[in-house]
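Read the structure below first, then the notes.
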Amino acid sequence: MHEEQTFTEKILKKFLLPFLIVLISVFALFQHIFVGRGIEINPPKIIAFEKGSSIQSFAKKLKEEKVISSGSLLVSMIVLLGNEKKVQAGSYFFHKSDGALFVAKRLLAGDFGIAPIKITFPEGFNRFQMADRLAELLPNFEVNQFLERTENLEGTLFPETYFFMLDDNPNAVIEKLTKTFEEKIEEHFKEESKEKTWEDTLILASIVEKEVRGETDKKIVAGIFQNRLKIGMALQADSTLAYVTGRDSYALTKEDLKSENLYNTYKYKGLPPTPIGNPGIEAIEAVLNSTPNDYLYFLTDKSGDVYYAKTFEEHKRNKANYLHAI
């Protein structure tokens, strides 16, 4: 009996034990490839795969962050399914650990795991307003960094509806805004862009954008401002003062109108130093192709209706009639 047990043990050790080891190894490999550990990652991770970087370094990062258990296995899965060059650059969201096969498929399909955030910047929004909206919708957005890096870019941050990722930094946002501006200028003003600089056009367009609504009024008002510039008359635009005071036309004070600020176009003739916002295509078009007219004055009531005048006396009558003040 003792000899039979010894023989049985020998058989088990020779055949069954290696089989069990192989079975366990296959099961573990199956887990790594197909299932992963399924452990919740707290807090969830947003990990960026930068364009031009290697998949090996990204796989190492994913392993360090406990998204996968084997970086080399992930690389093998990517090679098996396609190749490294097909991996989509971008920011990937992970809330639990996953199998190498599943992660590989996500990377090759550009499945980032989070929906982009839709952000709309209305025409005329200045960089401060843009910063506020970005901070409201993108967690941990560096507002001060955005404002610092856009100090000389007012007017070229194109107002449009964009889609951003949760972890987009100011550089990524600024690049998208300025690139869109360049594309829109090329699309709509291809001939003009070859032969002119845009600084003065953008400054005036940003003022027009803030002063009136509607294509027709924008073209007339652009013509009025150009008439004033030609004869050396101050623009007297409330919107330029509002840019620095934060108060709209109806809240400006007498002290505001006397201020020494270079954006005070009541006191200083010519254009202000920079655009006061980011104009849309319609306002830029209005400046480039304004409606010729003999007006020197206009006012806008609270309903947005615009009234024009050729003389100051006529302008005063309009104020009395439509703003109830002289």
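Just so it is clear, none of the values below were taken in a lab; they were calculated from the coordinates. Since the model is a prediction, treat every value here as computed from it, not as a measurement. Because the Cβ atoms are built from the backbone with ideal geometry, glycine has one as well, and the counts that use them run over all protein chains shown.
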Checklist entry - How do 90-97, 185-192, 304-311 rank on mean C-beta neighbours within 10 Å, highest first? => result 90-97, 304-311, 185-192
Checklist entry - So which aspartates and glutamates pass the test for Lys96, namely a Cα distance under 17 Å, with those fewer than 8 places away in the same chain ruled out? => result Glu40, Glu64, Glu65, Asp111
Item to check | the chain: relative contact order in percent, alpha carbon pairs under 8 Å with at least 6 residues between | outcome: 14 percent
Next on the checklist: Over the chain, with a Gaussian network built from C-alpha contacts below 10 Å, which listed residue (Glu282, Glu255, Glu64) shows the highest mean-square fluctuation?
Outcome noted: Glu255
Checklist outcome for this item: Computed about the Cα centre, the charge dipole of the chain from +1 Lys/Arg and -1 Asp/Glu charges at the Cβ has a magnitude in debye, to the nearest 20, of 660 debye
Checklist outcome for this item: Options [x] -0.65, -1.26; [y] -0.40, -1.44; [z] -0.49, -1.55 for log10 I(q)/I(0) by the Debye sum over Cα atoms at q = 0.09, 0.16 Å⁻¹; the value derived from the coordinates is listed as [x]
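Please find the FRET efficiency linking Thr180 to Lys254, where r is the Cβ-Cβ separation and R0 is fixed at 41 Å, and quote it to the nearest 0.05. All intermediate terms of the calculation are to be shown ahead of the outcome.
On the way: r = 40 Å, r/R0 = 0.98.
My answer for the efficiency is 0.55.
Given only helices, namely DSSP H runs of n ≥ 4 each adding -39500 (n - 2.57), what is the per-residue ellipticity at 222 nm of the chain, to the nearest 500 deg cm²/dmol? It would help to have the intermediate numbers written out before the result.
Values: 15 runs with 159 residues, N = 326.
The per-residue figure over the chain is -14500 deg cm²/dmol.
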Item to check | Cα extents of region 206-326 along the three principal axes, largest first (Å) | outcome: 35, 33, 29
Checklist outcome for this item: Checked against the positive end of the charge dipole of the chain (+1 on Cβ of Lys and Arg, -1 on Cβ of Asp and Glu, about the Cα centre), the farthest of Ser53, Tyr308, Tyr243 is Ser53
Checklist entry - Which residue fluctuates the most in the chain, going by a Gaussian network model with Cα springs under 10 Å, if the choices are Ile220, Ile174, Ile41? => result Ile41
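For the peptides 274-281, 111-118, 126-133, 235-242, what is the packing order when you average, over each peptide's residues, the other Cβ atoms within 10 Å and list the highest mean first? The partial results should precede the final answer.
Numbers: 274-281: 24.9, 111-118: 13.8, 126-133: 18.4, 235-242: 22.4.
My ranking of the peptides, most packed first, is 274-281, 235-242, 126-133, 111-118.
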Checklist entry - By its C-alpha gyration tensor, with a ≥ b ≥ c as the square roots of the eigenvalues, how is region 159-258 shaped: rounded for a/c under 1.5, else prolate for a/b larger than b/c, else oblate? => result oblate
Next on the checklist: Given the options Phe128, His188, Ile224, identify the residue whose Cα lies farthest towards the positive end of the charge dipole of region 119-251 (+1 on Cβ of Lys, Arg; -1 on Cβ of Asp, Glu).
Outcome noted: Ile224
Next on the checklist: Given the options Ser259, Ala205, Leu166, identify the residue whose Cα lies farthest towards the positive end of the charge dipole of the chain (+1 on Cβ of Lys, Arg; -1 on Cβ of Asp, Glu).
Outcome noted: Leu166
